[in-house]
Amino acid sequence: MSEKNTWREVDQYFVDRLIPEDSAMQKILKSNEEAGLPGIDVSAAQGKLLHLLVKIKAAKNVLEIGTLGGYSSIWMAKALPEGGHLTTLEFNPKHAEVASKNMSEAGVIDKISLRTGPALKTLPTLREESPFDFIFIDADKNNNARYLEEILKLSTSGTTIVVDNVVREGRVLDVEGNDPDIQGIRDMFDLLHQHPRLESTALQTVGSKGYDGIVLSIVK
């Protein structure tokens, strides 16, 4: 059995044992596929991790950059307490339309504000809705450092930040490459290095989504 097959099968074992089958969540992934959205949603195990992190944090005001079809948004929205709210930003209008439908069918649309347009233009408009106490970044990697700089303006002491896809099959080590996504990830790590307001770590992950990783930060 290949490494990647093992990763997928172990992931499925975890899902079978720890994440009860949810037809509504499976329907979201099917809707995304039928609409032609790229299959880059977080896995079920990763979605449940976000769900648990929101609960552990007791987050009431969540921000997501990169909605896609709303799969991760819905995982987090389901973890919110009464009165909790999630704001999610999506560049692509088609993706946003699919996500809005998925959120409605999942019964969480009343907990979510979906904003369409470039996130770097939307983020400065969110001052009145801040501070956010949990923030998930899963968008265009070339802008990761700029996203971090903007969300710090919307954060407070204790705000938890998760950034997805920071390893990219190990290509984060490619110092001389010209891939803008990899350079954006490296720029983010340069920003995080000894940042006066952020305490951070990074974890490598394997699973149904391959070999990648996340950054976890907390605002001091």
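Read-outs: derived from the displayed coordinates by stated rules, not from any lab. Not measured: the values here are computed from a predicted model. Cβ coordinates were reconstructed from backbone atoms using ideal geometry, including for glycine residues, and neighbour counts include every protein chain displayed.
Observations on the structure shown:
- The single residue among Ile74, Ile65 that is within 19 Å of Ile151 (Cβ to Cβ), buried (at least 24 other Cβ atoms within 10 Å of the Cβ) and among the aliphatic types (A, V, I, L, M) turns out to be Ile65.
- Of the residues making up region 158-179, those that are surrounded by 12 or more Cβ atoms within 10 Å (Cβ to Cβ), without any contact (Cβ under 8 Å) to a residue 60 or more places away in the chain and either under 25 Å from Thr6 (Cβ atoms) or over 16 Å from the mean Cα position of the chain (by Cα) (or both) number 9.
- Summed over region 55-72, the residues that are under 12 Å from the mean Cα position of the chain (by Cα) and not small (Gly, Ala, Ser) give a count of 7.
- Residue ID - surrounded by the fewest Cβ atoms within 10 Å (Cβ to Cβ), chosen from residues in region 1-25 that are over 13 Å from Gly207 (Cα atoms) and touching a helix residue (DSSP H, G or I) at 6+ places or on another chain (Cβ under 9 Å): Met1
- Residues that are touching a Lys or Arg at 6+ places or on another chain (Cβ under 9 Å) and crowded, with 19+ Cβ neighbours inside 10 Å, drawn from region 127-143: Asp133, Phe134, Lys141
- Taking every residue in region 117-137 that is farther than 18 Å from Val163 by Cα and pairing it with any residue that is among the small types (Gly, Ala, Ser) and part of a strand (DSSP E or B), at least 6 positions away or on another chain, the pairs with Cβ-Cβ distances below 9 Å are Glu129/Ser113.
- Single residue of Trp7, Trp75 found to be under 14 Å from the mean Cα position of the chain (by Cα) and among the aromatic types (Phe, Trp, Tyr): Trp75
- Among (1) in a loop (DSSP other than H, G, I, E, B); (2) free of Cβ contacts under 8 Å to residues at least 60 places away in the same chain, the one test that Thr88 misses: (1)
- The criterion of at least 1 residues that are under 21 Å from Thr67 (Cβ atoms) and touching a strand residue (DSSP E or B) at 6+ places or on another chain (Cβ under 7 Å) is met by the following strands (runs of 3 or more DSSP E) wholly inside region 131-220: 134-137, 160-164, 210-219.
- Whichever residue in region 82-116 is more than 17 Å from the chain's Cα centre (by Cα) and more than 20 Å from Asp22 (Cβ to Cβ) and, among such residues, is surrounded by the most Cβ atoms within 10 Å (Cβ to Cβ): Glu97
- Meets criteria (under 16 Å from the mean Cα position of the chain (by Cα) and within 17 Å of Leu29 (Cα to Cα)) for Ala139: no
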